[in-house]
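Structure first, commentary second.
None of the figures in this text is laboratory data; all of them are computed from the coordinates on show. Not measured: the values here are computed from a predicted model. Backbone-built Cβ (ideal geometry, glycine too); neighbour counts: all protein chains shown.
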Ligand code: UD1
Ligand code: UDP
């Protein structure tokens, strides 16, 4: 059984569903919690995945209490009816944490896809770091995307026989999305100008930090007529309110509705640079050689920082303003960051995970 509920989980689990459906020895059951609605459905449509169960829990402006209690109560009867041999969850959302908790209560084995990412600060990102650490305690199969992630699990005392380095399933998804001849009306609007790609949604950034980000971005755009920004905005009403208050009337930014993952990857591949607080985008942009200013204090993806394509700039207005301006004005700094780096796998993560689940391949983590 695969259980997921938000856009990024869907992007990274749908390729795995399609791989598992092709395996004769495996029966798959797909459960979506519906923690996201429109943004989840967009991805399900792209990958032609039809869930067997949909808990439909999303409420506008939902709290962590709403998500946690609704999933916990609604998933129990499904787990009891289906009696899965293993439940696969992904990453670090509330859907992931609560599903793992429900499995623990019912003593059903959990497989954690994208296991072992850590900042070691349970309030940053909030609540994701807590979520993934808790799932790490209960999971039987730990599919770490990188060696660093696997080492995090081992150093926490995880049994090495339960840790596998598979690569990240997002790289599998990316094999088929980016096209050289891709066009889009928004890219025509940008024309020969520099495309700045923006996303922002993190719960710990809601409020003043998000206002700081938007103010800094607007100041730089006002000073740089050669830039145009595209910002596919998250559906969270608090994000929309902050963007409306700080960015309204700025002619050099287009705030658009969430775009399909196919479009998103092509926008990333064509941008000059990206400003984001997203997790997944920190994995994607570096592989296109696009510099990313990460508007967060911590990252669980140090591989990209080590490689030089990601830079943590926090949420202080002056620091974001200076870092963004510097990246536009200093060619040396730009060139140092703009090189392709992909520490997240070779695009075969899904088939590795399926092989491990079928018992075909046994290659747990080994001391390097
Ligand atoms: C969630 C995850 C976060 C992940 C993010 C990906 C948790 C606690 N947070 O945060 O880890 O990075 O998804 O985007 O699990 N909304 C809609 N339609 C949608 C989606 C959201 O209207 O399709 C609105 C609703 O008002 C909803 C709000 O956005 O209540 C917030 O959604 P929620 O899932 O609680 O938090 P995210 O910030 O999206
Ligand atoms: N994404 C998308 N459409 C958008 C914005 C993002 O398809 O309008 C994709 C993006 O390519 C990445 C994922 O969504 O794969 C990131 O999701 P998000 O930033 O919501 O969550 P996070 O990764 O921070 O958990």
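The overall shape of segment 180-338 is rounded: from the C-alpha gyration tensor, with semi-axes ordered a ≥ b ≥ c, the ratio a/c is less than 1.5. Does segment 1-145 classify as rounded, prolate or oblate by the C-alpha gyration tensor (a ≥ b ≥ c root eigenvalues; a/c under 1.5 gives rounded; else a/b over b/c gives prolate, otherwise oblate)? Since a/c stays below 1.5, the shape of segment 1-145 is classed as rounded. When each of the peptides 200-208, 110-118, 62-70 is scored by the mean number of other C-beta atoms lying within 10 Å of its residues, the order from highest to lowest reads 110-118, 200-208, 62-70.
Axis of helix 237-247 versus longest Cα principal axis of the chain: the two differ by about 10°, to the nearest ten degrees.
Of the residues 138, 3, 220, the one with the fewest other Cβ atoms within 10 Å heads the list, and the complete ranking is 138, 220, 3. Could you tell me whether the chain comes out rounded, prolate or oblate from its Cα gyration tensor? Rule is a ≥ b ≥ c as square roots of the eigenvalues, rounded for a/c under 1.5, then prolate if a/b exceeds b/c, otherwise oblate. It is prolate, given that a/c is not under 1.5 and a/b is the larger ratio.
Overall dimensions of segment 63-149, expressed as equivalent-ellipsoid semi-axes from the Cα gyration tensor (√(5λ), whole Å, largest first), are 22, 17, 8.
Relative contact order of segment 134-282: 27 percent, from C-alpha pairs under 8 Å at least 6 residues apart in sequence. Tilt of helix 317-329 relative to the longest C-alpha principal axis of the chain, in degrees (0 to 90, nearest 10)? Around 70 degrees separate the two axes.
Relative contact order of the chain: 16 percent, from C-alpha pairs under 8 Å at least 6 residues apart in sequence. Remark: 80, 336 ranked as 80, 336, counting other beta-carbon atoms within 10 Å and listing the fewest first. When DSSP beta bridges are restricted to pairs lying wholly in segment 178-287, around 0% turn out antiparallel. Averaging the Cα positions of each part gives two centres, and for segment 272-335 and segment 12-82 these lie 32 Å apart. Axis angle, to the nearest 10 degrees, between helix 128-138 and the longest C-alpha principal axis of the chain: 20 degrees. The modelled label-to-label distance between residue 206 and residue 340, using points 7 Å beyond Cα along the C-beta direction, is 3.9 nm. Considering only alpha-carbon pairs that sit under 8 angstrom and 6 or more positions apart, the relative contact order computed for segment 116-183 is 28 percent.
Annotation: the residues 6, 96, sorted from fewest to most other C-beta atoms within 10 Å of their own C-beta, follow the order 6, 96.
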